[in-house]
Amino acid sequence: MSFFKKLKERITLQTDTVTEKFKDGLSKTRDNFSGKVNDLVARYRKVDEDFFEELEEILIQADVGFDTVMTLIEELKMEVKRKNIQDPAEVHAVISEKLVDIYEKGGNASSALNIQADGLTVILFVGVNGVGKTTTIGKLAHKFKGEGKKVVLAAGDTFRAGAIEQLEVWGERVGVDVIKQGAGSDPAAVMFDAVQAAKARQADILICDTAGRLQNKVNLMKELEKVKRVIEREIPGAPHEVLLALDATTGQNAMVQAKTFKEATNVSGIVLTKLDGTAKGGIVLAIRNELDIPVKFVGLGEKMDDLQEFNAEQYVYGLFSDTIEAEEK
Ligand SMILES: Nc1nc2c(ncn2[C@@H]2O[C@H](COP(=O)(O)OP(=O)(O)O)[C@@H](O)[C@H]2O)c(=O)[nH]1
Ligand SMILES: [Mg+2]
């Protein structure tokens, strides 16, 4: 069976709405990246060194990341040789297969959150200003609420003007409580209050917003450590997830932020926001490979239900859906 067929079979195990979300959210990348691959395949009559060189360039331009591209091209060459593929059109399926492989290989690829079976689960959001932390918290609260969980939000960004109000708006929209103090107050004190409130209200999930200032690594580390210490003291083992929000439209900058945060704190997963806003959605692969932190969620739009659990197969299907659906006909 062809890989495209297998891919199609596997993703239909999930709902069509998930597939549609990924397809919609990846449309810019698909037009850009897959469009170029299609064009490449059409221009070459056989798979040769020049073909691979052009493909390498296309992948680099899609922000897949240099090291990842090198590995991918090596593996593609081997596979093409092994299967004795001559026709460039057949390389399409091999590329998509390798993209899924490259994402899933090396373990630690699961997008599942560490949710406690009993008692409170605490999720801490970190990331620089404007990447989409507060928005993602709102979306995630909506998702949990839909699963019948009781959710409390902590307005830990006491630094940025309007940040508390923004979280409150999300709280109202979604219908969950927001624990806050005044602007400028100590984020660690807000976290303390929020943990007490979450316990008293027998919440299942506490999601904590934080400020995104990043003047220097020492300050960042100090502030995050203080917030984490307070949470941990109140709930041993918490926070159960530290999710780093990264803006997909910022490319290499997002990689640099990820490295900084990874050095400063234990990041358990990444939320890659605004994937819908970039034509360079290959950044998912670069993050996965160069940082070895799983991408747990992707932001595919600004609406409440535009947050999806990351799934490598849905992602690759979203990249190549035009080709796959054309082949079916
Ligand atoms: N298109 C799109 N916009 C997003 C997404 N996530 C967040 N945003 C927008 O990014 C901007 C900054 O988000 P915000 O949550 O305030 O970032 P924060 O400073 O990290 O809390 C807002 O205008 C959001 O609507 C996404 O997945 N897609
Ligand atoms: Mg915010």
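Taking V271, is it at pLDDT 95 or above and assigned to a helix (DSSP H, G or I)?
For V271, the condition - at pLDDT 95 or above and assigned to a helix (DSSP H, G or I) - is not met.
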(request) Please give the number of the condition A161 fails out of (1) among the small types (G, A, S); (2) more than 16 Å from ligand 1 (Cβ to nearest atom); (3) over 25 Å from the mean Cα position of the chain (by Cα); (4) surrounded by fewer than 15 Cβ atoms within 10 Å (Cβ to Cβ). (result) (2)
(request) Can you tell me which residue among L220, L224, L244 is within 13 Å of the chain's Cα centre (by Cα) and among the aliphatic types (A, V, I, L, M)? (result) L244
(request) Among residues belonging to segment 140-149 that are more than 12 Å from ligand 1 (Cβ to nearest atom) and part of a helix (DSSP H, G or I), point out the one that is surrounded by the most Cβ atoms within 10 Å (Cβ to Cβ). (result) A141
(request) Kindly indicate whether I137 is more than 13 Å from ligand 2 (Cβ to nearest atom), surrounded by 20 or more Cβ atoms within 10 Å (Cβ to Cβ) and part of a helix (DSSP H, G or I). (result) no
(message) When you check I231 against the structure, is it closer than 22 Å to P294 by Cβ and in contact with a Phe, Trp or Tyr (Cβ under 6 Å, 6 or more places away or on another chain), yes or no?
(response) no
(request) Output yes when any residue across segment 184-194 is within 24 Å of the chain's Cα centre (by Cα) and either closer than 30 Å to D48 by Cβ or at pLDDT 95 or above (or both), and no when none is. (result) no
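Residue by residue, here is whether (1) on the phi < 0 side of the Ramachandran plot; (2) among the polar types (S, T, N, Q); (3) part of a helix (DSSP H, G or I); (4) away from ligand 1 (no atom under 14 Å from the Cβ) holds:
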residue	(1), (2), (3), (4)
L285	yes, no, yes, yes
F297	yes, no, no, no
M304	yes, no, no, no
Q308	yes, yes, no, no
D322	yes, no, yes, yes
E325	yes, no, yes, yes
(message) Quick check on segment 23-41. Is at least one of its residues farther than 14 Å from V316 by Cα, loosely packed, with under 14 Cβ neighbours inside 10 Å and at pLDDT below 95?
(response) yes
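Would you mind finding the one in V122, V169, V131, V152 that is within 13 Å of ligand 2 (Cβ to nearest atom), surrounded by 16 or more Cβ atoms within 10 Å (Cβ to Cβ) and among the hydrophobic types (A, V, I, L, M, F, W, C)? Explain how you work it out, then say what you get.
Working: V122 fails: within 13 Å of ligand 2 (Cβ to nearest atom); V169 fails: surrounded by 16 or more Cβ atoms within 10 Å (Cβ to Cβ); V152 fails: within 13 Å of ligand 2 (Cβ to nearest atom).
None of the other options fit; the residue is V131.
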(message) Please go through (1) surrounded by fewer than 22 Cβ atoms within 10 Å (Cβ to Cβ); (2) within 23 Å of L291 (Cβ to Cβ); (3) out of contact with any Gly (no Cβ under 8 Å at 6 or more places or on another chain) for D193 and return the number of the only condition it doesn't satisfy.
(response) (2)
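Would you check if there is a residue in segment 252-268 being without any contact (Cβ under 8 Å) to a residue 24 or more places away in the chain and more than 14 Å from the chain's Cα centre (by Cα)?
yes
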(message) Suppose the filter is part of a helix (DSSP H, G or I) and within 15 Å of N32 (Cβ to Cβ); does G281 pass it?
(response) no
(message) Going through L244, L224 one at a time, which residue ends up being within 16 Å of ligand 2 (Cβ to nearest atom), at pLDDT below 95 and buried (at least 18 other Cβ atoms within 10 Å of the Cβ)?
(response) L224
(message) Here's a check for you: in segment 172-190, which residue that is aliphatic (A, V, I, L, M) and buried (at least 16 other Cβ atoms within 10 Å of the Cβ) is nearest to V271 (Cα to Cα)?
(response) V174
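Those residues that are surrounded by fewer than 16 Cβ atoms within 10 Å (Cβ to Cβ), more than 16 Å from ligand 2 (Cβ to nearest atom) and not in a helix (DSSP H, G or I), I need them from segment 196-221; list them, please.
Keep residues of segment 196-221 that are surrounded by fewer than 16 Cβ atoms within 10 Å (Cβ to Cβ), which gives 196, 199-202, 213, 215-219, 221.
Okay, now just the ones that are also more than 16 Å from ligand 2 (Cβ to nearest atom), so 196, 199-202, 215-219, 221.
Within segment 196-221, R201, Q202, Q215, N216 qualify.
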(message) Looking at (1) hydroxyl-bearing (S, T, Y); (2) in contact with a His (Cβ under 9 Å, 6 or more places away or on another chain); (3) within 16 Å of ligand 2 (Cβ to nearest atom), which one does T273 not meet, given that it meets all the others?
(response) (2)
(message) Yes or no: segment 287-306 includes at least one residue that is polar (S, T, N, Q) and surrounded by 21 or more Cβ atoms within 10 Å (Cβ to Cβ).
(response) no
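The values are calculated or read from the model by the stated rules, or taken from the named source; none is laboratory data. This structure is a prediction, so every number in the text was calculated from the model and none was measured. Note that each Cβ is placed from the backbone with ideal geometry, even for glycine, and that neighbours are counted across all protein chains shown.
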